[in-house]
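The values are calculated or read from the model by the stated rules, or taken from the named source; none is laboratory data. Model, not experiment: these values are computed from the prediction. All Cβ positions, even for glycine, are placed from backbone atoms using ideal geometry, and neighbour counts span all protein chains on display. Heads up: the accessible areas ignore ligands, DNA and RNA and are worked out on the full protein's heavy atoms, side chains in. Shrake-Rupley method; radii C 1.70, N 1.55, O 1.52, S 1.80 Å.
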Amino acid sequence: MNLSEPVVYLSLLVFLPAVAALVLALLPRLTDDAFKFISLAVTIVVFILSLGFFREGAGVDFEVGVAEMQNMFNTDWIPTFGIQYFMALDGISFPLVVLTTFLSVLAMGASWPIKKHVRGYCILFLLLETGMLGVFMSLDFFLFYVFWEVMLLPMYFLIGVWGGPRREYAAIKFFLYTLVGSVLMLIAILMLYFNSDLTRLDAQQLVDAGIVHVTEGASPEEARNVWLEGDSLLAERYQEALGGDDPSQRRPLHTFNILALQQMGQHTDLFDAEVLGGRSIQWWAFVLLFIGFAIKVPSVPLHTWLPDAHVEAPTPISMILAGVLLKMGGYGIIRICYPICPQAGYELAYVVCTIGVVSMVYGAFAALAQTDFKRMVAYSSVSHMGYVVLGLGVWSAMADTGYNAEYWKMGVNGAMYQMIGHGISSAGMFFMVGVVYDRVHHRNLNEFGGLFAKMPLYSALAVGLFFAGLGLPGLCGFIGEVFVVLSVWKYSYLLAIISASVVVLTAGYILWAIQRVYLGAEYKGPHEEALVPITWRELAIATPLMFLAIVFGVYPNCVLQYMQPSVDRQVDHLAAWTQRYDERETATKPLSEEDGQVAAVKRP
Amino acid sequence: MNLTSLIDSLLSDTLQTSLPLFGTELALCGTIVFMLLVRVLKGGQHVPPFLLAMTGAIIALWLALPREGIEAWADLGRQELFTGMLVHDTLTAYLRVFLLSFVVLFLVLAQLTGLADRDDGQDFFTLVLGATLGMCVMVSANHLLTIFLGVEMASVPSYVLVGIVKGRRRSSEAALKYAIYGAGAAGVMLYGISLLAGVLGSAHLPTMAHELAALDIPGQLAAGEGGSTVMVLALGGLMMGVGLAFKLSAVPFHFWCPDVFEGAPAEIGAFLSVASKAAALALLIRVGFGLGYLPEDPAPSLAATQPAAAISMVSTSQIPTSQVAYQSETASIDGSADDPLSPVRNFFVILVAIVAIVSCTFGNLAAYGQTNIKRMLAYSTIAHAGFMMMAVAAAVALIGRDVGHAETALSALLLYLSIYLFMNLGAFAIIAFLRNAMHSEDIKDYAGLIRSCPMTAVMMTMILVSLIGLPPLAGFWPKLRVLQSLYEAGGPLMITVLVAAGMNTAISLVYYLRVVKVMCIDPPSDTQEPPTLGFFSTAYILVVALPVLLFGIMPEKVAEWADLATKNLF
């Protein structure tokens, strides 16, 4: 039990907030501020723990340039159901984990205006943090699902108790939407689980799935044999499933291991059987999973919970919602949908891209039409998350491009970058809206104006963060957007042109909002006397966000160096899969008239 | 076989085989008789009946627990008792432990809430133990007569328990409704039993299964004959189904349930929704597997069945021969499409699956409009019974293909029951304590409970969320296991059930969460005095509700027990 073991370190990172929540629940009655300070301290400790990965050479660190999973550990949780406590970090999850711990600190700092039932608020907030971190780190599908659901109840209460006037409606809508999505996800999990078979993976694939651990200098086969002779429960079951020498005793060994499922999806035909409507298992699993994740992203037309939830939620919860929760949808798509169900992803790539573009356009137009400041920011999230879906879906490694995965890599990297950038800018925008709402208690865009004169520092920071959201070059929003739009060009001209022109709409609604709120001669709304300059606490939250928005815009490599190897590796694998798939398809298809050259040559 | 040898074998069967395995029931009988007699004795009125009942229940529980530890279940075979009237296997053993653990907890609850005060005590505890005795018979029934007997032994005390609080109109009305409905259902069920027994010439379930197999329904149907026999069998099956559906409160025989739950004290609601439901589900399993599945090797039970055949059956002579003839045959063709029992199974599966979907959906939808918490939970009980029936349908559908998977499905059901015990007992206990504290069972009066009784409100929230089936609370795992079994069973029907089950989780969210909302979000009303609960009440709630969280995080142990209890069932 020391901190240099991944199992201890990662568990501590995930469960420290939950333990702290339990302690808070048992503490005697303290002042409200005491509870807030304790929670803030806990979130800061968790943030420092996540920063610990940057220490090179420490027992638990995150090595730059390594594409594979790092700090992996794997123990049994519920062996009867075959569920493992299996976590690790790679370039896809690591930036999101740090983003989560970072935004949690800021959101807790932004929670000072909360006056009602502070103890309950802090408990739920910390539970929420555990859920979020768990989702990004778990590699067992079931563990993932459990964490996914753990977030629901705290979020329901955080919106429902501390929200605005229509909070109960917004909270139940959020809950219901996500629950429907997770039920679909559960069905997909069962489909994949019952068609999975660990015994079909070869030694190298078992190593890649994190089941077999290779010691220095040993080949995967040797490592597998060592593992089989070891006393792990899974190895025993593996032997049992093999059935010894008798082939008729051979049974499939099901698994929830996400990495193993990825290997099966890409290297075996386990998920190719037809089930319903002439579609394969993976087609249905992909659709169900994608709907579940698209609700979370959210993509049009499943986005309607988001404006309500964002508008009614208190400011810090809006920051968390936009900054972290939406990223879970994108994370799910990149971690689960595509690698496990590549064939379905390949078939449906255009559908996914179209959904992304429609979300971008629809979200931008909807944002233009809003008069509520916060609702406008909420719709801008719908629009910006559309970039993420589009970037993930651009399957440009096709036969036409000679299976060149460069543009696709650019798209996925862009999507990942957009998630990080949007995490910073949207959290900042929601915070900025919250600052002014705390003062004047309204959000009507048409009743602001002239804030620059009254709150110059605040206005400068706010305008900066809004520009980051707009995607101004030099700020964090730009990199992701430009990567995504560039990558689409190779895939579809139409989608590229539409997505590029969304930038104009984005500029439109953001500039218009800035003009109505911050510029102008005088403030037109009520409570003018309350417009005092920004406080130190607010400044301490806004400045790091602004700072990161600039850093990420100027020096994108500081994030890309962590995420790019993992993203590139996954895309390369999928591109290689595409080639194999196409070859298999053309090999099995009988030649016909339409097969152009081949058929023409054969003709006498 | 002359009379003396018959009596000899009967004696040895009763004394050596059956009675030692019947200790739990005997302990319950003894306690009941003792409690009734104590009152007659001088000074007997001063003996607190709670102590007597509790002692009896604990002795019975101790007798039900396996001597050599739970692991002994792995080697426990199937043993027919009392010439085949009852059967003792791991399912019996597990469910008896389940029922008696529940009764022990329930007695404590009844004592704490003061439902059984000094004067009524004897009556109340006698009735509870009597009903439990009936349920124990139900879970081990192996004969249509014991099925009927068990149902009646469990039902009649329940009718009285519903009306135990004297002088309340609603309570009496509920009891009367329950009794009339129950009597009707029992009559129909008896008619069904007589039809089945008449056609098959036996009421002993394994013998009936052999007779069914001998009828060769697939062959007859293919040849276009025997339509009337099949019709009578189907009718008999349906009529028996009425009785079972009544006990399960499955749609369309659920009408009694909301009224009874609303009228009866909350504690009785817990009793009916947990113990009674568990026994009814066990009965459903007994009937489904008894008639729909022939064990590949029925030889061990042959010796025990013969006297039964001699005593209670009509046509004895050809049974052994037909058994032997079919023994080899079924061993080879079991599981294939032309299994003679596959039509029986299909009939059962389709019926149960449809009733399950309808019950689940209807229960969840009807719960929306309820303002009384007990009534709402009554509909929730209907929905959960539907969910549990899905597991039975999946198990019976799987048994023809793969015994191991069928056992997994049953293990899912047992897990469901065990978790359900804590959820529903906890919920009804909280309702009962709050009723004592604030004299109301309306959902709206729970407003602001988080302020006045934070612990109770948190526990209730946990239970309700667990009833929805969200991880990491315990209610999630059994749901998952049931869904897994349904997926494993496959086929259009089972996939439909699977989708319906999944969607019902989402449907049920809103009404459970409404109660949570009232408790935790709504401001307290001005007219209602904030309730306060005593130390023992809070402690009891904690004891019952905390497992919901603990088993949610660490379901390993319970799941293992459920697995053990089903491993050697077939």
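When every residue of the range A:283-298 is checked against the conditions, at least one turns out to be in contact with an Asp or Glu (Cβ under 8 Å, 6 or more places away or on another chain) and either under 30 Å from residue A:377 (Cβ atoms) or surrounded by 16 or more Cβ atoms within 10 Å (Cβ to Cβ) (or both). So, residue B:382, is that one open to solvent by 10 Å² or more (accessible area, probe 1.4 Å), assigned by TED's automatic domain parsing to the domain that holds residue B:545, in a helix (DSSP H, G or I) and more than 19 Å from residue B:558 (Cα to Cα) or not? No; evaluated as a whole, the condition is false for this residue.
Criterion applied to B:175, B:185, B:203 was being within 22 Å of residue B:388 (Cβ to Cβ) and touching a residue at least 60 places away in the same chain (Cβ under 8 Å), and the one residue passing it is B:185.
Among the candidates A:366, A:322, A:313, the residue that is over 25 Å from residue A:491 (Cα atoms) and open to solvent by 10 Å² or more (accessible area, probe 1.4 Å) is uniquely A:366.
Please tell me if residue A:222 is surrounded by fewer than 16 Cβ atoms within 10 Å (Cβ to Cβ), within 30 Å of residue B:471 (Cα to Cα) and more than 9 Å from every other protein chain (Cβ to nearest Cβ). Spelling it out, it is not the case that residue A:222 is surrounded by fewer than 16 Cβ atoms within 10 Å (Cβ to Cβ), within 30 Å of residue B:471 (Cα to Cα) and more than 9 Å from every other protein chain (Cβ to nearest Cβ). Every condition in (1) in a helix (DSSP H, G or I); (2) open to solvent by less than 10 Å² (accessible area, probe 1.4 Å); (3) modelled with pLDDT under 90 is met by residue A:413 except one, and the failing one is (3).
Facing chain B (nearest Cβ under 10 Å) and buried (at least 22 other Cβ atoms within 10 Å of the Cβ), is that true of residue A:147? It is true that residue A:147 is facing chain B (nearest Cβ under 10 Å) and buried (at least 22 other Cβ atoms within 10 Å of the Cβ). In the set B:464, B:493, B:498, only one residue is closer than 30 Å to residue B:409 by Cβ, within 10 Å of another protein chain (Cβ to nearest Cβ) and either at pLDDT 90 or above or not in a helix (DSSP H, G or I) (or both); that residue is B:498.
The condition (being part of a helix (DSSP H, G or I), at pLDDT below 90 and within 28 Å of residue A:92 (Cβ to Cβ)) is satisfied by just one residue among A:561, A:579, A:570: A:579. The set of residues from the range A:369-392 being within 19 Å of residue A:501 (Cα to Cα) and either of a type in the set (Gly, Ala, Ser) or open to solvent by 10 Å² or more (accessible area, probe 1.4 Å) (or both) comprises A:369, A:379, A:380, A:381, A:383, A:386, A:391. Working carefully through the options A:60, A:14, A:46, A:66, find the one that is in a helix (DSSP H, G or I), among the aliphatic types (A, V, I, L, M) and within 30 Å of residue A:571 (Cα to Cα). Exactly one residue qualifies, and that residue is A:14. Just one residue in the set B:532, B:456, B:566, B:461 is more than 30 Å from residue A:273 (Cα to Cα), open to solvent by 60 Å² or more (accessible area, probe 1.4 Å) and among the polar types (S, T, N, Q); that residue is B:532. Residues of the range B:501-527 that are within 27 Å of residue B:452 (Cβ to Cβ), among the hydrophobic types (A, V, I, L, M, F, W, C) and at the interface with chain A (Cβ under 9 Å from one of its Cβ atoms): B:509, B:510, B:513, B:516, B:520, B:521. Against the numbered list (1) outside any helix (DSSP H, G or I); (2) open to solvent by less than 60 Å² (accessible area, probe 1.4 Å); (3) not small (Gly, Ala, Ser), residue A:514 comes up short only at (1).
Which one is least open to solvent (accessible area, probe 1.4 Å), of the residues in the range B:1-47 that are touching a residue at least 12 places away in the same chain (Cβ under 8 Å), in a helix (DSSP H, G or I) and out of contact with any helix residue (DSSP H, G or I) (no Cβ under 8 Å at 6 or more places or on another chain)? So the residue we want is B:18. So if I check each of B:548, B:558, which one is away from chain A (no Cβ under 13 Å), touching a residue at least 12 places away in the same chain (Cβ under 8 Å) and not acidic (Asp, Glu)? When all the criteria are applied, what remains is B:548. If you go through the range A:73-88 and keep only what is more than 16 Å from residue A:6 (Cα to Cα), open to solvent by 10 Å² or more (accessible area, probe 1.4 Å) and either among the β-branched types (Val, Ile, Thr) or away from chain B (no Cβ under 14 Å) (or both), you end up with just A:80.
With respect to being of a type in the set (Lys, Arg), under 30 Å from the mean Cα position of the chain (by Cα) and either within 14 Å of chain B (Cβ to nearest Cβ) or within 30 Å of residue A:282 (Cβ to Cβ) (or both), residue A:166 fits the description.
If you go through the range A:105-116 one residue at a time, do you hit one that is within 14 Å of chain B (Cβ to nearest Cβ) and buried (at least 22 other Cβ atoms within 10 Å of the Cβ)? No - not one qualifying residue is present in the range A:105-116.
Tell me, which residue of the range A:124-133 that is crowded, with 24+ Cβ neighbours inside 10 Å and touching a helix residue (DSSP H, G or I) at 6+ places or on another chain (Cβ under 6 Å) is farthest from residue A:539 (Cα to Cα)? The extreme case among them is A:131. Is one or more of the residues making up the range A:89-101 more than 29 Å from residue B:519 (Cβ to Cβ), more than 10 Å from chain B (Cβ to nearest Cβ), open to solvent by 20 Å² or more (accessible area, probe 1.4 Å) and more than 20 Å from the chain's Cα centre (by Cα)? So far as the range A:89-101 goes, no, none of its residues is more than 29 Å from residue B:519 (Cβ to Cβ), more than 10 Å from chain B (Cβ to nearest Cβ), open to solvent by 20 Å² or more (accessible area, probe 1.4 Å) and more than 20 Å from the chain's Cα centre (by Cα).
Looking at this structure, is residue B:148 open to solvent by less than 10 Å² (accessible area, probe 1.4 Å) and not polar (S, T, N, Q)? When the stated conditions are applied, residue B:148 does not pass them. The range B:170-267 holds helices (runs of 4 or more DSSP H) entirely within its bounds, and those carrying 1 or more residues that are open to solvent by 10 Å² or more (accessible area, probe 1.4 Å), at pLDDT 90 or above and of a type in the set (Val, Ile, Thr) map to B:227-248. Looking at A:272, A:246, A:308, just one residue is touching a strand residue (DSSP E or B) at 6+ places or on another chain (Cβ under 8 Å) and charged (D, E, K, R), and that residue is A:272.
In the set A:141, A:194, only one residue is under 22 Å from residue A:12 (Cα atoms) and either more than 10 Å from chain B (Cβ to nearest Cβ) or in contact with a Phe, Trp or Tyr (Cβ under 9 Å, 6 or more places away or on another chain) (or both); that residue is A:141. Right, residue A:140: open to solvent by 10 Å² or more (accessible area, probe 1.4 Å) and acidic (Asp, Glu) or not? No. The helices (runs of 4 or more DSSP H) found entirely in the range A:302-346 include none that carry 2 or more residues being within 19 Å of residue A:436 (Cβ to Cβ) and modelled with pLDDT of 95 or more.
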